[in-house]
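Enquirer: Here it is, the structure, as structure tokens.
The values are calculated or read from the model by the stated rules, or taken from the named source; none is laboratory data. Worth saying up front: this structure is predicted, and the values here are computed from it rather than measured. FYI the Cβ positions are ideal-geometry reconstructions off the backbone, even for glycines, and counts take in every protein chain you see.
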Amino acid sequence: MTVTQQTLIIVKPDAVQRALAGAILSRFEAKGLRLAALKLLQIDRPLAERHYAVHQGKPFYEGLVQFITSGPVVVGVLEGPNAIEATRNLMGATNPVTAAPGSIRGEFALEIGQNLVHGSDAPETAEYEIGLYFKPEDIVSYHRDVDRWVAE
Ligand code: DAT
Ligand code: MG
């Protein structure tokens, strides 16, 4: 079933440092998803802890927080039909070694700790994560003329 959704993406510090931010955003745009919000910032520790709260206590948690706070990121909201699952599929599996060729992680990354991109994994997660980075008035929900050529 097609349902219009919003999802949060983060172009992670490794992607910004490797000058892949534009290429990664392009993939989502080319898929047909709309950017509904976008900004560059450096995530601080309290924000990282809120973002990755579900992973607290896992062996990789500390490294994950260190990594996501290590440099600027580009954070955005994508909107469109089935945006959450479409974004996750474009990202590829969490471990880039097994991520499908053609996916962002499959094409551009090699290590789970530096896997370039984040995308919300469910509607509730998306709502929570969007709220961490954007005020309601920062999000611009709109339609483009081309949208009717992407989804009926
Ligand atoms: P995803 O980013 O695909 O949603 P996740 O939510 O399970 O994956 O984990 C969040 C991030 O934590 C992931 O992008 C990279 C890191 N991570 C997950 N599992 C890991 C592991 N086993 N070792 C090291 N880092 C890991
Ligand atoms: Mg996740």
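Enquirer: So which residues in the stretch 120-146 are part of a helix (DSSP H, G or I), surrounded by 11 or more Cβ atoms within 10 Å (Cβ to Cβ) and of a type outside the set (Phe, Trp, Tyr)? Explain how you work it out, then say what you get.
Expert: The first filter runs over the stretch 120-146 and keeps only residues part of a helix (DSSP H, G or I), leaving 123-133, 136-138, 145-146.
Still in the list and also surrounded by 11 or more Cβ atoms within 10 Å (Cβ to Cβ): 123, 125-133, 138.
Pro123, Thr125, Ala126, Glu127, Glu129, Ile130, Gly131, Leu132, Asp138, listed by residue number.
Enquirer: Just wondering, is there one or more residues in the stretch 1-12 that are modelled with pLDDT under 95 and either among the hydrophobic types (A, V, I, L, M, F, W, C) or under 18 Å from Tyr133 (Cα atoms) (or both)?
Expert: The answer is yes, given that some residue of the stretch 1-12 is modelled with pLDDT under 95 and either among the hydrophobic types (A, V, I, L, M, F, W, C) or under 18 Å from Tyr133 (Cα atoms) (or both).
Enquirer: Given the conditions (1) within 27 Å of Tyr142 (Cα to Cα); (2) surrounded by fewer than 20 Cβ atoms within 10 Å (Cβ to Cβ), and given that Leu64 satisfies all but one, which numbered condition is not satisfied?
Expert: Of the numbered conditions (1) within 27 Å of Tyr142 (Cα to Cα); (2) surrounded by fewer than 20 Cβ atoms within 10 Å (Cβ to Cβ), the odd one out for Leu64 is (1).
Enquirer: Can you name the residue in the stretch 79-99 that is surrounded by fewer than 18 Cβ atoms within 10 Å (Cβ to Cβ), part of a loop (DSSP other than H, G, I, E, B) and of a type outside the set (Gly, Ala, Ser) and is also nearest to ligand 1 (Cβ to nearest atom) among such residues?
Expert: Ranking the qualifying residues of the stretch 79-99, first place goes to Thr94.
Enquirer: Condition check: more than 16 Å from ligand 2 (Cβ to nearest atom), over 21 Å from Val150 (Cβ atoms) and touching a residue at least 12 places away in the same chain (Cβ under 8 Å). Does Leu25 satisfy that? Steps first, please.
Expert: Details: more than 16 Å from ligand 2 (Cβ to nearest atom): yes; over 21 Å from Val150 (Cβ atoms): no; touching a residue at least 12 places away in the same chain (Cβ under 8 Å): yes.
Taking the combined requirement at face value, the residue does not satisfy it.
Enquirer: Under the condition of being part of a loop (DSSP other than H, G, I, E, B), without any contact (Cβ under 8 Å) to a residue 60 or more places away in the chain and more than 16 Å from ligand 2 (Cβ to nearest atom), which residue from the stretch 28-57 is farthest from the chain's Cα centre (by Cα)? Walk me through how you get there before you give the answer.
Expert: Just the residues of the stretch 28-57 that are part of a loop (DSSP other than H, G, I, E, B), to begin with: 32-33, 42-44, 52, 56-57.
Checking which are without any contact (Cβ under 8 Å) to a residue 60 or more places away in the chain leaves us with 33, 42-44, 52, 56-57.
Now narrow it down to the ones that are more than 16 Å from ligand 2 (Cβ to nearest atom): 33, 42, 44.
Working: Leu33: 12, Gln42: 15, Asp44: 17 Å.
For the stretch 28-57, the residue satisfying everything is Asp44.
Enquirer: Sticking with this structure for a sec: In this structure, is Gly102 over 23 Å from Lys135 (Cα atoms), away from ligand 2 (no atom under 15 Å from the Cβ) and surrounded by fewer than 20 Cβ atoms within 10 Å (Cβ to Cβ)?
Expert: Values: over 23 Å from Lys135 (Cα atoms): yes; away from ligand 2 (no atom under 15 Å from the Cβ): yes; surrounded by fewer than 20 Cβ atoms within 10 Å (Cβ to Cβ): yes.
Yes; evaluated as a whole, the condition is true for this residue.
Enquirer: Residues to consider are Asn115, Asn82; find the one that is among the polar types (S, T, N, Q), within 14 Å of ligand 2 (Cβ to nearest atom) and either within 13 Å of Gln5 (Cα to Cα) or at pLDDT 95 or above (or both).
Expert: Working: Asn82 fails: within 14 Å of ligand 2 (Cβ to nearest atom).
Criteria check complete, one pass: Asn115.
Enquirer: Also, I was wondering about something else. Going through Tyr128, Tyr133 one at a time, which residue ends up being within 13 Å of Ile9 (Cβ to Cβ) and of a type outside the set (Lys, Arg)? Steps first, answer last, please.
Expert: Working: Tyr128 fails: within 13 Å of Ile9 (Cβ to Cβ).
Being within 13 Å of Ile9 (Cβ to Cβ) and of a type outside the set (Lys, Arg) holds for just one of Tyr128, Tyr133, which is Tyr133.
Enquirer: Can you tell me which condition Gly57 does not meet? The list is (1) on the phi > 0 side of the Ramachandran plot; (2) surrounded by 13 or more Cβ atoms within 10 Å (Cβ to Cβ), and all the others hold.
Expert: (2)
Enquirer: Would you mention how many residues in the stretch 100-124 are near ligand 1 (Cβ under 9 Å from one of its atoms) and either without any contact (Cβ under 8 Å) to a residue 60 or more places away in the chain or β-branched (Val, Ile, Thr) (or both)?
Expert: 6
Enquirer: Follow-up question, since we're still on this one. Exactly one of (1) within 18 Å of Thr4 (Cα to Cα); (2) away from ligand 1 (no atom under 15 Å from the Cβ) is unmet by Phe134. Its number?
Expert: (1)
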